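Quick notes on the structure that follows.
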Amino acid sequence: MAKKQKSKQDIITAYMHHILEHSSAPESVYKFGKDNGFTEAEFYNFFGTFKSLEKSIFNNFFDNTVDLLEKNSEYQNFDAQNKLLSFYFTFFEVLKANRSYVIMTLSIQKASLKTNKALAGLKESFKKYIDELDIETLDLKQEKLEEIKQKSLSELSWQQLLFIIDFWMDDSSPSFEKTDIFIEKSVKTSFELMNITPL
């Protein structure tokens with residue numbers, strides 16, 4: 001009977017377990033595969049390096065979040081603000097289920113979450129998600145200004161997510177209640193600011 005091929009998720013899970021158990025990346029793809037029952041070729045079907053695998057993990061958390069949201073029929077009818085709130089609450093539930101890995105990975109460069117390479121894939125997907133939310137902001141009546149506004153909106157939203165991740169990593173409240181409150185206040189404030197008409 002032929003050996004069942006390892007999936008992308010199997011390899012990601014094995015890598016996360018390795019990091020948690022050894023506090024460092026595996027020595028080589030060969031040894032990592034041998035220890036976890038797959039070949040180098042199977043690894044390279046999905047990832048070029050351990051760095052590319054690392055980048056895909058936070059993006060994987062994003063994909064899991066969006067999958068969960070899309071299964072909820074009510075989510076489809078929410079306005080942009082409630083969709084974003086739902087995203088944050090669900091995303092941080094996914095992070096909570098993987099908190100040890102997240103803390104270990106991000107604490108190494110906590111002072112510079114903005115430049116943490118592990119978050120590169122997440123950044124790209126999240127900014128695209130913000131663009132697709134079609135958040136209503138002030139109509140600037142000029143195409144170039146609209147483009148700049150859209151770019152800065154997704155960038156500001158990314159900064160907001162990093163700020164919340166940073167807060168969550170330090171949150172010691174039961175069930176991370178303080179983070180939930182922080183999310184609500186952050187989203188409410190940012191939407192209020194976007195709706196202020198300039199003088």
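The values are calculated or read from the model by the stated rules, or taken from the named source; none is laboratory data. Fair warning: this is a prediction, and the values are worked out from it, not measured in the lab. So basically every Cβ, Gly included, is an ideal-geometry build from the backbone, and we count neighbours across all protein chains shown. The area values use the complete protein model at the heavy-atom level, side chains included, leaving out ligands, DNA and RNA. Shrake-Rupley method; radii C 1.70, N 1.55, O 1.52, S 1.80 Å.
Of all residue pairs spaced 6 or more apart or on separate chains, those with beta-carbon atoms under 9 Å, a first member in the stretch 28-39 that is under 15 Å from residue 5 (Cα atoms) and a second member that is surrounded by 13 or more Cβ atoms within 10 Å (Cβ to Cβ) and among the aromatic types (Phe, Trp, Tyr) are 33/43; 36/15; 38/32.
For the stretch 135-155, indicate whether the set of residues that are modelled with pLDDT of 90 or more and in a helix (DSSP H, G or I) is non-empty. Yes - at least one qualifying residue is present in the stretch 135-155.
The combined condition, being modelled with pLDDT of 90 or more and open to solvent by 100 Å² or more (accessible area, probe 1.4 Å), is fulfilled by residue 124.
For the stretch 92-103, the tally of residues that are closer than 13 Å to residue 58 by Cα and either in contact (Cβ under 8 Å) with a residue 60 or more places away in the chain or touching a His at 6+ places or on another chain (Cβ under 8 Å) (or both) stands at 7.
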